[in-house]
Amino acid sequence: MALTRWILALCGYARLEVCGVHPERVLNACAAAGIACTASEPVDAYTLRITVRARCAETAAELARRCQCEVKTLYRRGLPQLLRRAARYRGACAGLLVAVLAVLTSSLFIWRIDVTGNETLTTGQILRCLDECGVRPGTYWPALSNDLVRNDMILCLPELRWLTVNVHGSRAEVIVREKDPLPDITPDDTPVSIYASATGVILSMDVYAGEARVVPGAAVEPGDVLVSGAVTDLGGGVRPVCARADIRARTRQVLTGQIALTETKKQPAHGARTRWALRAGKKRINFYQNSGISDAECDKIIYEYPFAIRGVFTLPFSLVRERVQPYRRRTRRYRRTRRAHRSSRRCCSSCARRSARMARSFPMRRQRRLPATC
């Protein structure tokens, strides 16, 4: 039954209403002539409704008249009828067809590139290298090779460890992973002593190599030797080693802040205006004139509306709206006590956060200095 409906929808069909003394004779006549009648529905004792193909509607009507019945066409449906109606609006249909073709063709090109996963490398550096490797807005993405792009990018940026390009419609998502920085490891055969980098009190010391020069509870200053790389052996000689130790100390820092007693705020002024522009690829078409710098102080807020459906397709066009809002400055003076109380609260909260981060441990600086006796 479903297949019959699809065939009728593609070939077109007509719904006929037959009225007469013996409307069932029309079904027999159509069957004898090889005309398929479907969805026959009796309305009353003298009325019958049938569905036939659109090309057989005239023949079925002629057979009904021979059977002394009247025929009335209720409606016509199907693809031929739809195309016949669409022919009246050729311009609109042509525009719709061009829009569909543009969307389908645009989905084969990259119009937007998003970079994620970068920490030390900037997005601009990665986009420039991608441009050199052939991945840029307007690239035909079915011709891209992920392996070739990855190899070229790693050669161009040695800081990268891994890279992949995922294409979603017309948007390319570039996921990168950067190399972990190598730790500063001192070779074991290099004589090194450990020196204090800040003023503090030693809490604990675990010396693995070298000779300790201070004990827990001692106060040290910057530059004091904590663990010496010159070790005295049993024979009385001095042997240079690479000092290694785990040292924890309590330090203190003094933070000084300055806060002005006046504050300047912006207040909107008259003369705000809105400007429109169209961005097509890398080109921009302004729908306004006199785009120079204004003499008055003003803020510019830019809104961009791309011609795209997120996750489906993206076109290389976007509508840009710029709102220029002039403003004037207003200086407000605070009371000294109120300002001082607010600044003290900020300094206390800042010190509390910083001390909480440093309360875990304070690393002592290791310098590559040869022992004095070596």
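The values are calculated or read from the model by the stated rules, or taken from the named source; none is laboratory data. These figures come from a predicted structure and were not determined experimentally. With ideal geometry, Cβ positions are generated from the backbone for all residues, glycine too; neighbour counts draw on all protein chains shown.
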Where in the range 250-306 are there strands (runs of 3 or more DSSP E), lying wholly inside it, with at least 2 residues that are under 27 Å from the mean Cα position of the chain (by Cα), within 13 Å of residue 323 (Cα to Cα) and at pLDDT 85 or above? 273-280
Pull out all pairs, ordered by first then second residue, where Cβ-Cβ is under 7 Å, the residues are six or more apart or on different chains, the first lies in the range 78-103 and is free of Cβ contacts under 8 Å to residues at least 24 places away in the same chain, and the second is of a type in the set (A, V, I, L, M). 93/86
Note on the range 306-325: residues loosely packed, with under 11 Cβ neighbours inside 10 Å and touching a strand residue (DSSP E or B) at 6+ places or on another chain (Cβ under 6 Å) are none
Can you name the condition, by its number, that residue 186 falls short on among (1) free of Cβ contacts under 8 Å to residues at least 12 places away in the same chain; (2) polar (S, T, N, Q); (3) in a loop (DSSP other than H, G, I, E, B)? (1)
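Could you check the range 1-56 and list, in sequence order, the residues that are of a type outside the set (Phe, Trp, Tyr) and in a loop (DSSP other than H, G, I, E, B)?
Taking the range 1-56 and keeping what is of a type outside the set (Phe, Trp, Tyr), we get 1-5, 7-12, 14-45, 47-56.
Selection gives 1, 12, 21, 22, 23, 34, 35, 36, 37, 45.
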Of the residues 73, 120, which single one is hydroxyl-bearing (Ser, Thr, Tyr), within 41 Å of the chain's Cα centre (by Cα), at pLDDT 85 or above and not in a helix (DSSP H, G or I)? 120
Output the residues belonging to the range 12-30 that are hydrophobic (A, V, I, L, M, F, W, C) and in contact with a helix residue (DSSP H, G or I) (Cβ under 7 Å, 6 or more places away or on another chain). 14, 16, 18, 26, 29, 30
Neighbours by Cβ (under 8 Å, 6+ apart or cross-chain): first from the range 112-125, in contact (Cβ under 8 Å) with a residue 60 or more places away in the chain and closer than 22 Å to residue 317 by Cα; second of a type in the set (A, V, I, L, M, F, W, C) and in a loop (DSSP other than H, G, I, E, B): 113/135
Counting only residues that are surrounded by 15 or more Cβ atoms within 10 Å (Cβ to Cβ) and not basic (Lys, Arg), how many does the range 134-158 have? 11
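Yes or no, residue by residue, for (1) in contact with a Pro (Cβ under 6 Å, 6 or more places away or on another chain); (2) in a loop (DSSP other than H, G, I, E, B); (3) modelled with pLDDT of 90 or more:
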site	(1), (2), (3)
128	no, no, yes
131	no, no, yes
136	no, yes, no
142	no, no, no
148	no, no, yes
152	no, no, yes
155	no, no, yes
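Within the range 214-229, track down each residue that is buried (at least 18 other Cβ atoms within 10 Å of the Cβ) and farther than 13 Å from residue 248 by Cβ. Break it down into steps so the answer makes sense when it comes.
Narrowing the range 214-229 to residues buried (at least 18 other Cβ atoms within 10 Å of the Cβ): 220, 225-229.
Answer for the range 214-229, where residues must be buried (at least 18 other Cβ atoms within 10 Å of the Cβ) and farther than 13 Å from residue 248 by Cβ: 225, 227, 228, 229.
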Consider only pairs whose beta carbons are under 7 Å apart and that are at least six residues apart or on different chains; among these, list those whose first residue lies in the range 192-207 and is assigned to a strand (DSSP E or B) and whose second residue is among the basic types (Lys, Arg) and surrounded by fewer than 16 Cβ atoms within 10 Å (Cβ to Cβ). 192/368; 193/369; 195/365; 200/250; 201/250; 203/250
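For the range 82-89, check the following and say yes or no: at least one residue is surrounded by fewer than 11 Cβ atoms within 10 Å (Cβ to Cβ), out of contact with any Ser or Thr (no Cβ under 8 Å at 6 or more places or on another chain) and among the aromatic types (Phe, Trp, Tyr). Even if it seems obvious, please write down each step before you answer.
Our first condition is that a residue be surrounded by fewer than 11 Cβ atoms within 10 Å (Cβ to Cβ); within the range 82-89, this holds for 85, 87-88.
Then drop every residue that is not out of contact with any Ser or Thr (no Cβ under 8 Å at 6 or more places or on another chain), which leaves 85, 87-88.
Retained after the next criterion (residues that are among the aromatic types (Phe, Trp, Tyr)): none.
The answer is no; no qualifying residue exists.
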